[in-house]
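No value in this document is a laboratory result; all are computed from the given coordinates. As the structure is a computational prediction, the values presented were derived from the model and not from experiment. Reconstructed Cβ throughout: ideal geometry from the backbone, glycine too, with neighbour counts over all protein chains shown.
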Amino acid sequence: MLFRASLVLAAASMLTTVSAVVPCAVCPASIFYGGLTRTLTLAFESSVVGYIQCNYDTPAISGFNPYCVYTNLNGALYGSNTNGACPTTATLTTETSGPCTVPT
């Protein structure tokens with residue numbers, strides 16, 4: 001019985017020290033849209049957890065905000081309003097403790 005209790009305590013301590021590796025999509029630095037190269041101006045985790053939205057507002061388009069949304073799971077393009085200007089996949093990085101952090 002003492003051996004079993006020691007084994008359970010050892011397993012529990014291992015669980016608390018193991019970190020999960022979380023995949024995270026990284027927004028492309030720029031896209032070519034509307035005849036111009038547009039640079040990334042804002043990246044944030046979307047309202048649906050597990051997705052990152054990338055906004056490309058420079059140079060500005062009055063009343064329009066070009067964006068690309070990628071999944072953190074595999075970097076696949078989830079949606080956009082750019083009619084094909086977004087790359088179909090984003091580069092993936094990993095973090096050891098989710099959720100993904102988005103550079104500001």
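Points to keep in mind about this one:
- In terms of its C-alpha gyration tensor, the stretch 31-104 comes out prolate, because a/c is 1.5 or above and the ratio a/b outweighs b/c.
- Summarising the label geometry, the points placed 7 Å from Cα in the beta-carbon direction at Thr39 and Thr93 lie 1.8 nm from one another.
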